[in-house]
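Here's the structure, in C-alpha cells; my notes come after.
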Amino acid sequence: MKLIISNKILYIKYLSLLTLSFISQSIFGQIFSTAQNPLSVRWSYIESGGFKIIYPRELEKDAQRMANTLPAIYPKIGLSLRQQNTSIPLLLQNRGTIANGFVQLGPKKSEFYTTPPQYFDSQDWLNNLAVHELRHIAQFDKLTDGQTHPFPELVYFAYFGAGIPIWFFEGDAVVNETALTESGRGRQPKWIMPFRTSILEGKKFSYSKAYFGSNKDVTPGYYQTGYLMVADMKEKYGKFISDSLLGDIRKRPLRLYPFSQSLKKFTGENTKKYFHSVQEKLAEKWEAQKEKIQTENYESLNSKTSLATNYFLPVRLNKNQILALKESKQDARFFVIINEDKTEKKLFGIGYQEQPWFSYKNDVLVWDEIRYDPRYKQRSYSVICSYNLKTKKFKKLSSKSRLFSPNLSEDGKKIIAAKVEINNQFNLVEIDASSGKILKSYPNPENEILQTPDFDKTGNRIAYISVSEKGKSLWLMEGEKKTRLISNSRQQLSRPIFIDDKIVFNAHFNGIDNIYSLDIQSKKINALSSSEYGAFNPAETEDGKIIFNDYKINGYEIAEKEIVERPVGKLSFVDFSSAAEKQENAGNVFNHIPENTFQSKRFYQGLNLFSFHSIIPVIDNEYLFGLELQSNNLLNTMDFYTGAKYHRDIKRFEYTADVSYKALYPIFSVAYRNRPKRTFYRAKNVTQQGDWRENYIKLNASVPLSFNARNQNYSFTLNAATSFTQRYMAETMPVNFIRTLKFPLEYNLTFNHSVRTTERDIAPKWAQVFRATYNHQPFDKNLGGEILALESFLYFPGFAKNHSFLASFNYQKASGVNQYATEITTVYGYNNILAKSKLQNSMLFNYRFPFAFPDWELSSLAYIRNFRAGLFCHYENIGVDTNIGEPKTYGVELNSSLNILRYQPVVDVGARLVLVNKIYNQNPILEFSFNYSF
C-alpha cells in the first residue's frame with residue numbers, strides 16, 4: 001500500500017483572515033470585502049483628526065458629519081485602552097444594500113456600509129457603526145503600539161487572529177458600544193435571547209461549541225459569548241482589563257495560547273474555565289429574572305424537530321393552513337405551507353435577505369431579496385418579488401432598486417415599502433402591486449431612517465418606525481398628516497401592524513421581547529403576549545386571534561392565541577454592561593458633536609493605485625519558498641506583488657512581479673517571472689543535466705460575471721491569456737533547444753449554475769458546471785500543437801437531505817507540444833499510477849454524505865463539527881484502456897471538519913482509500929488531505 005499525503009500549506013496572507021471581519025450588525029458572513037465599485041463612482045476625501053474619510057460625492061453631508069464625529073468620540077472610545085489618537089483611512093460605501101462595517105490591516109483601513117438594515121439598534125446607523133468599529137481601531141492601535149503603518153501589516157493581522165480569539169475582539173467592542181451610548185446590542189433582549197433560552201432550558205455549552213457554533217443546534221455566537229465574558233471581566237477586574245490583556249499579549253507574543261495565558265495571569269482562570277464560570281453566573285441571573293416575570297406557554301403549530309429550525313412570519317391562509325418562511329441547518333430559506341396535522345408542503349426557495357420578510361394578502365405574496373451587480377460586487381440592489389398562489393406566477397416588480405420591507409394593502413393591489421437612495425435619503429413609497437410602478441413618495445424632511453411600514457385595512461393609513469440618534473419612534477400617517485405615537489424610545493420597536501383601531505408591534509417593555517398593542521386614540525399600551533423567551537411577528541387571523549413567532553430552544557416556532565390585553569409589566573431586563581457603563585461615566589458620546597465644515601478634495605483613483613503594506617513569507621511547496629512585498633489599494637482596484645523565492649532543489653532564486661487592475665469591466669493582469677529551470681535529457685546515449693534561466697511574461701484578461709434570481713445562482717467567466725518566454729544561460733542544453741516561446745494563446749469559458757446551499761450541504765442539491773479550454777500556438781511555427789478540453793460537473797440530490805451525487809464527464813484532445821498536458825479532471829490516484837496511454841477522457845462518479853455531527857470538544861486540541869463519508873468510482877480513457885464496466889479507480893473516503901487548537905479557521909482533514917483496476921498492477925493507494933476555510 002502506497003502512502004500519499006496531500007497538504008495545502010498555510011499561507012500567511014490567508015492566515016491573516018483569521019482576524020475576522022468585525023461585522024457590526026449584518027449576519028451576512030464575510031471576512032472583508034475585496035470587491036469593486038463601478039468606475040463611474042466619483043470619490044472625494046476629507047482629512048480630520050487622523051481620519052482620512054473617502055466617500056462617493058453623494059455622501060457629502062454624511063462625510064462632513066463623520067469628519068466631526070470620529071475625532072470627537074475616538075478619545076472616549078479608546079480611553080480604557082489608553083489610546084487617544086489614531087491615523088486610518090475610512091471608506092463610506094453607498095452602492096450596496098447590505099449593512100456592514102469592518103476594520104482590517106493589509107491595507108490598514110475601515111469601511112462603513114451606509115445603507116442601514118430594517119432591524120437594528122435605536123440610534124443613528126452611522127453612529128452605530130462608528131462606536132463599534134472605532135473600538136476595533138483602538139484595539140489595533142493598542143496591539144501595534146499606535147503605529148500609523150504597522151509594517152508588515154499582514155503579519156500583525158495574522159498574529160491577531162492566531163493569538164486572540166474573535167469573541168474577545170467583538171465582545172470588547174459590544175461592551176464598549178453599550179457603555180458609551182444609550183443603545184447598544186447589550187441592551188437588546190432579542191440579541192442575547194438564544195443564549196438565555198438554552199441556559200434556562202438546562203442546555204449548557206462547551207467553550208468550543210459556544211465559540212465555533214454547531215451544525216445541529218442553536219448556539220450563542222461569538223459576539224454574544226464575547227460580550228458576556230468581557231462584561232464580566234470589566235465588572236470584576238475594572239475598566240482597564242482589556243488594556244491589561246492586550247498590553248501583555250503585545251509584550252509577550254510568542255507563546256502558545258497567548259490570550260488564555262494572559263487571561264490567567266490577570267484573573268486566575270484560562271479561557272475555558274472563565275467561560276464556564278460566566279455561564280454559571282448567567283444561569284443564576286436569568287433564573288432570578290425568570291422568577292419576576294409571569295409567562296405563558298403556547299402550543300406549537302409546527303412539527304417538532306431536534307434540529308435548529310425557524311418558521312418566520314406565520315400567516316393564516318385559512319383555518320387549516322399556515323404560510324411561513326422556513327429555514328434550518330439542513331434547508332435554505334423557503335416558503336412552506338403547514339397543514340392542520342403539521343405536515344408541510346414546500347413552495348419555493350428564495351434568495352438572500354438581510355432579515356426574514358414577506359407580506360401576504362388576497363392570494364398575493366411579496367418579499368424583498370438582495371440581487372448583486374453581475375460584475376461590481378460592491379453594488380447590490382434590494383428588489384421586490386411577488387408570487388400569486390392562485391395563478392402560480394412569479395413577478396419581479398422592481399429592478400436595480402433599493403426597496404425594503406414591502407407590505408401589501410388588504411386587497412393586494414398596493415405595496416408600501418421603505419426606499420433608500422444612494423445619498424441616504426429615506427422615503428416611504430407606494431407601489432402598484434401588479435406593475436411595480438411607484439405611485440407615490442411620502443416626504444421625510446427630517447430624513448430619519450424609516451423601517452417596516454404597513455397599511456391599515458382601508459389602505460388610507462400607514463404605520464411605520466423611524467430611527468434617529470434620539471431613539472426609535474412609532475408613527476401614524478393619514479394622508480399628509482403624521483402623528484408620533486411613541487416618541488424617541490430606546491425600546492426595540494419593530495414591525496407595526498393594524499388590528500382594528502390599534503397598532504400591534506414588538507418591543508421589550510418587561511425585559512423580554514413580546515407583542516404589544518397601542519390604542520391610537522388614548523396611546524395606551526398593553527401586552528398581548530407573555531412569552532418566556534420572546535414573541536415576534538404578529539398577524540391577525542380571520543377569527544380575531546393573532547398568530548405569531550414564539551421563540552423556543554430550537555428556534556422560532558409558530559403559536560396562536562386570543563387577543564387579550566394585559567398590563568405591560570415591570571422591566572426586568574438583566575443589564576450585564578451596567579458596571580462598564582458606570583466605569584466609563586461618559587453618557588452618550590454623541591451628545592456634543594461639533595458642527596464644523598471641512599474642506600473636501602477630490603480623490604483620484606489613478607493617483608492612488610499603490611498601497612504597500614507588507615512583506616510576507618510565501619511557501620509554494622516543500623521546494624519553493626521566499627518573501628513577497630504586497631500592495632493592495634484602498635478601493636480594491638489594483639493589486640501588486642513582487643518578491644524573490646528560493647528553489648531548494650536546484651539552489652537558485654526566482655524573481656516575481658504580479659499586477660492586477662480590477663477597476664474596468666474586464667480584469668487585466670500581468671505576471672512576470674525570472675526563474676531557473678532544470679531538466680534531464682538523453683544525448684549520445686548518456687543522461688545529461690540541463691539548466692537555464694528564463695524571463696516569462698503572461699498577460700491575462702478575464703470577465704467574471706455572476707448573478708442570482710431567487711435561490712438560483714449563476715456565474716459566467718471568460719478568460720483569455722497569452723505569454724512570452726525568453727530563455728538564456730542555456731549552455732548545458734542541446735543546440736536544438738528552443739529559446740523563445742512566442743505568444744501561445746489560452747482561452748477558458750466557464751458556466752456555473754447552482755441552488756442556494758446550507759451549512760450542512762456538501763454540495764448543491766442541483767448544480768451544473770461546464771468548462772471549455774483551448775490552448776494553441778498560432779505565432780510560433782517551431783512549436784505546433786494544441787489542446788481542447790471540455791469538462792462537466794453535474795450535481796444531483798442524494799438519497800437523503802444534504803447527500804450529494806456528482807457525475808463528471810470530461811474530454812480532451814491534445815497534439816504537438818501539448819500532447820502530454822492535462823487539462824481535465826483526473827481520477828483519484830492519477831499521479832501515482834503508471835499510465836498506459838495519453839489521457840483522453842474521464843468519467844467520475846462521487847457520492848458524499850454527512851453522517852454525524854458530534855460537536856466534540858477534545859480538550860484544547862480540537863473541536864470536531866462533523867463526519868462525512870463518500871464512495872467513488874472513476875473511469876479513464878473509456879474504450880481505450882478499460883471498458884465502461886471497469887473503473888480505473890474506486891474506493892471510499894472519510895472526512896471531518898474541525899477547529900484545531902481553538903483557532904478560527906475550519907480545518908478539513910480526510911483519508912481516502914483508492915483501489916486500482918488490476919490491469920495496472922498497482923497496490924491500493926492511501927491518501928490523506930488537509931485543507932482549511934474561513
**OP:** Find the residue count for the stretch 658-668, including only residues that are surrounded by 17 or more Cβ atoms within 10 Å (Cβ to Cβ) and free of Cβ contacts under 8 Å to residues at least 40 places away in the same chain.
**Re:** 4
**OP:** Could you tell me whether any residue of the stretch 675-693 is within 39 Å of the chain's Cα centre (by Cα), farther than 25 Å from ASN736 by Cβ and either in a strand (DSSP E or B) or not assigned by TED's automatic domain parsing to the domain that holds ASN748 (or both)?
**Re:** no
Original post:
Tell me, which strands (runs of 3 or more DSSP E) lie completely within the stretch 846-920 with 3 or more residues that are hydroxyl-bearing (Ser, Thr, Tyr)?
Top reply: 889-900
Subject >> The listed residue being surrounded by fewer than 20 Cβ atoms within 10 Å (Cβ to Cβ) and under 14 Å from GLY555 (Cα atoms), out of LYS281, LYS342, LYS304 >> reply: LYS304
Original post:
Given ASN506, ASN488, ASN460, ASN447, which one is touching a Phe, Trp or Tyr at 6+ places or on another chain (Cβ under 8 Å) and either surrounded by fewer than 17 Cβ atoms within 10 Å (Cβ to Cβ) or not assigned by TED's automatic domain parsing to the domain that holds SER401 (or both)?
Top reply: ASN447
Original post:
Is at least one residue of the stretch 542-564 in contact with an Asp or Glu (Cβ under 7 Å, 6 or more places away or on another chain), free of Cβ contacts under 8 Å to residues at least 40 places away in the same chain and in a strand (DSSP E or B)?
Top reply: yes
Original post:
Based on what the data block shows, is THR181 among the hydroxyl-bearing types (Ser, Thr, Tyr), assigned by TED's automatic domain parsing to the domain that holds ILE593 and over 19 Å from LYS108 (Cβ atoms)?
Top reply: yes
Original post:
Does SER33 qualify as being in contact with a Lys or Arg (Cβ under 9 Å, 6 or more places away or on another chain), outside the structural domain of ASN176 (by TED's automatic domain parsing), part of a loop (DSSP other than H, G, I, E, B) and of a type in the set (Ser, Thr, Tyr)?
Top reply: yes
Original post:
Of these, TYR360, TYR352, which one is among the aromatic types (Phe, Trp, Tyr), over 26 Å from LEU439 (Cα atoms) and touching a strand residue (DSSP E or B) at 6+ places or on another chain (Cβ under 6 Å)?
Top reply: TYR352
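For every residue, the table says whether it meets (1) among the charged types (D, E, K, R); (2) in contact with a helix residue (DSSP H, G or I) (Cβ under 7 Å, 6 or more places away or on another chain); (3) at positive phi.
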position: LYS440; (1), (2), (3): yes, no, no
position: ILE462; (1), (2), (3): no, no, no
position: VAL467; (1), (2), (3): no, no, no
position: THR483; (1), (2), (3): no, no, no
position: LEU493; (1), (2), (3): no, no, no
position: PRO496; (1), (2), (3): no, no, no
position: LYS502; (1), (2), (3): yes, no, no
position: SER531; (1), (2), (3): no, no, no
position: ASN537; (1), (2), (3): no, no, yes
**OP:** Could you grab the pairs with beta carbons closer than 8 Å, sequence gap of 6+ or different chains, first residue in the stretch 737-750 and in contact (Cβ under 8 Å) with a residue 60 or more places away in the chain and within 11 Å of ASN782 (Cα to Cα), second one surrounded by 14 or more Cβ atoms within 10 Å (Cβ to Cβ) and of a type in the set (Val, Ile, Thr)?
**Re:** none
**OP:** Just name the residue that is surrounded by the fewest Cβ atoms within 10 Å (Cβ to Cβ) out of those in the stretch 134-160 that are at negative phi and in a loop (DSSP other than H, G, I, E, B).
**Re:** THR148
Subject >> Subset of the stretch 625-658 [more than 27 Å from the chain's Cα centre (by Cα) and under 30 Å from PHE51 (Cα atoms)] >> reply: GLU628, LEU629, THR642
Subject >> Search result, residues across the stretch 565-620 that are among the charged types (D, E, K, R), in contact (Cβ under 8 Å) with a residue 24 or more places away in the chain and surrounded by fewer than 18 Cβ atoms within 10 Å (Cβ to Cβ) >> reply: GLU565, ARG566, LYS570, ASP575, GLU595, LYS601, ARG602, ASP620
**OP:** Note down all Cβ pairs under 8 Å where the first residue falls in the stretch 477-488 and is under 15 Å from ILE416 (Cβ atoms) and free of Cβ contacts under 8 Å to residues at least 60 places away in the same chain, the second is in a strand (DSSP E or B) and charged (D, E, K, R), and they're at least six residues apart or on different chains.
**Re:** MET477/ARG461; GLU478/ARG461
Subject >> Pick from the stretch 37-90, criterion part of a strand (DSSP E or B) and among the charged types (D, E, K, R), ranking: nearest to the chain's Cα centre (by Cα) >> reply: LYS52
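The values are calculated or read from the model by the stated rules, or taken from the named source; none is laboratory data. This structure is a prediction, so every number in the text was calculated from the model and none was measured. Every residue, glycine as well, gets a Cβ built from its backbone with ideal geometry; the counts of neighbours run over all protein chains shown.
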